[in-house]
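As structure tokens, the structure follows; a few thoughts come after it.
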Amino acid sequence: MADAAVKEKQAVAPEAEQELTDGFHLIIDALKLNGVKTIYGVPGIPITDFGRMAQASGIRVLSFRHEQSAGYAASIAGFLTKQPGICLTVSAPGFLNGLTALAHATTNCFPMILISGSSEREIVDLQQGDYEEMDQLATAKPLCKAAYRILHAQDIGIGVARAIRAAVSGRPGGVYLDLPAKLFGQVMDAEQGRKSLVKVIDPAPAQIPAPDAVKRALDVLKGAQRPLIILGKGAAYAQADDNIRALVEKSGVPFLPMSMAKGLLPDTHPQCAGAARSTVLKDSDVVMLIGARLNWLLSHGKGKAWGEPHSKKFIQIDIEPKEMDSNVDIAAPVVGDIGSCVSALLEGMGAKWPAAPADWVNAVKAKREENVAKMAPRLMNNNVPMDYHGALGVLRTIVKERPDAILVNEGANALDLTRGIIDVYEPRKRLDVGTWGIMGIGQGYAIAAAVETGKPVLAIEGDSAFGFSGMEIETICRYQLPVCVVVFNNDGIYRGTDVNPLGTDPATTVFVKGSRYDKMIEAFGGVGVNATSPDELKRAVNAAMDSGKPTLINAMIDPAAGSESGRIGNLNPQSKLKKK
Ligand SMILES: Cc1ncc(C[n+]2csc(CCOP(=O)(O)OP(=O)(O)O)c2C)c(N)n1
Ligand SMILES: [Mg+2]
């Protein structure tokens, strides 16, 4: 008897005394070790407990109403912080809902990790119809920068490290991390577990440009008669704000900010050519691109917008070598991270860099002043119903008075006119639809912007755009975030005036006329305001920004005021046949 008892004790004792850990805790520990402070997601099998435990461990876990919004939030958190934004989803449908945002992050070069639970591998791979069965790894792979799956608890440390490094190093992008349900419950020795965790050292190493490339670029710039600098969102992402400003100012060259690069230098800066865009694109002879790609947003660097064919030389600064010569030939490629490239260029310019040609600088300034003067009276109008210019005139002043607020913007006319009219004064204060012109980022971006920066957020959204993530106003109210959403309500997509010639269903682009989006937020305890005039709009936005209370303002815009597709109507395909 005694012997048996001793034997049993010996068998049990090592296990009872052994400290154990499990997959749940190892994933949380791995994320925390690497500085993850926030997770954006939607709970459900198999990640509900994981979310609870992560929250209990001190990570801020924000639950959304739809994974796509959580994903957009994670993607813009990545842009704002240079750390991968984390989105957490359930298997198959939740994963797929988050996948759009992961692809969006990759396209926009934002670091993000989509962590998704997945179903049992054995059943998924034999396609035996598991709960939420899907080969998620294979599905994600073509849509992101890298995709990994962790099968064993002892690999969690290295798997998380790999995901982080893949997301932020080189050109940032989206990474998929697949965590099968069984992994969470796997148990291992706690000490071994601790040792298996990896703190990523220097996750985004500097990539120093070659001295020859820097010299070549400066030679090309020096030879210019009509130089132009274009700042892209890569430049904004780099957080090399002081050096970028110093480079632009030392060169004296007019600069054109792409949408999300607005504010790197204030739009009111004397060298800003934003209001003379078509002139500088057409007439410049040397164009220095800093973190801006020659994609559709810059008409691929060729064609009518760019003046005479082969009339310019491009200098391009980008971390991705494949970006060079992607659309037109690049005379001076400078490959490296923006911060290192800009500081090398600044150093190379030395103390005696020649001023930019005065006749060109003055010509750009004159054009800009002419265009600004033309716009000014339209922005002062107090028309009812409001047009975009009247509404944006007051919002422009509000942003000027509150330059640290973050502006989120989506829609068509509501996007293009806001971009053109509202000046931005500080870096990374304008967040918008990005490379794809994607609708639905509004509330997700607003939430992450408020959470990551603690700053007030003003979101200007078309009524259609708003609808893509409208339910997230409950999320905004739940977390009591300082977000003021202004819905530009023109009864539809582009305009609210389309008519179905058959007179049966409503036309494809129109919504319920006179909708009151402001009522929606009242259901969740937020402040709703219906604004019919610029004066009312001004009062309501100022009150919201002062109070920091979740607010939705229904700004009634003349349904006839907008134009088809905003500024990009020319991209609509046209048939050679006459329209009937
Ligand atoms: C995900 C997605 N779906 C559809 C579109 C096509 N689209 C472009 S703009 C837009 C909505 C424009 O209407 P609104 O937001 O009301 O802006 P408005 O021009 O009326 O001010 C849509 C549906 C898109 N860009 N992204
Ligand atoms: Mg609309």
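Brief remarks on what is shown
- Under Karplus coefficients 6.51, -1.76 and 1.60, residue-wise ³J(HN,Hα) of the stretch 172-178 in Hz, glycine/proline x: x, x, x, 10, 9, 10, 9
- Residues in the stretch 335-364 that a label on Q225 would reach, taking backbone N under 20 Å of a point 7 Å out along Cα→Cβ: 354-364
- Extension gain, A507 back to A523 (0.36 nm per residue minus Cα-Cα distance, nm): 2.8 nm
- DSSP bridge orientation in the chain - percent antiparallel, rounded to nearest 5: 5
- ³J(HN,Hα), Karplus 6.51/-1.76/1.60, whole Hz, each residue of the stretch 27-33, x for Gly, Pro: 5, 4, 4, 5, 5, 5, 4
- 3J(HN,Hα) from dihedral phi, the stretch 355-370, Karplus parametrisation 6.51/-1.76/1.60, rounded to Hz, x for glycine, proline: 5, 5, x, 5, 5, 5, 4, 5, 5, 5, 4, 5, 4, 4, 5, 4
- Summarising the amide proton neighbourhood of G85: residues at separation of 5 or more, or on other chains, whose placed amide H is nearer than 5 Å comprise G78, M112, I113.
- Spacing of the modelled spin labels on A366 and Y131, each 7 Å from Cα toward Cβ, amounts to 7.3 nm.
- Label zone of K352 (point 7 Å out along Cα→Cβ, amide N under 15 Å): in the stretch 242-276 this covers no residue at all.
- Helix 241-251 vs. the chain, principal-axis angle (Cα, 0 to 90°, nearest 10): 30
- Charge tally for I86 (other residues, Cβ to Cβ under 13 Å; Lys, Arg +1; Asp, Glu -1): +1.
- Amide N proximity, the stretch 308-326 versus A210 label position 7 Å along Cα-to-Cβ, cut-off under 19 Å: 314-326
- Net charge contributed by nearby residues that have their C-beta within less than 10 Å of T453 (K/R +1, D/E -1): +1
- Distant-in-sequence amide contacts of D387, defined by a placed amide H-H separation under 5 Å and a gap of 5 or more residues or a different chain, comprise D558.
- Taking 0.36 nm per residue of separation and subtracting the current Cα-Cα distance, fully stretching the chain between L20 and K82 would add 18.9 nm.
- Taking 0.36 nm per residue of separation and subtracting the Cα-Cα distance, full extension of the segment from L33 to S563 would add 185.8 nm.
- For M288, residues with placed amide H under 5 Å, excluding near neighbours: L228, I229, I230, I315
- Rough spin-label spacing in nm, given labels placed 7 Å along Cα→Cβ, for K141 and K304: 4.4
Coordinate-derived values only; no laboratory data. None of the values given here were measured: they were computed from a predicted structure. Neighbour counts are summed over all protein chains in view; Cβ atoms, including those assigned to glycine, are modelled from backbone coordinates with ideal geometry.
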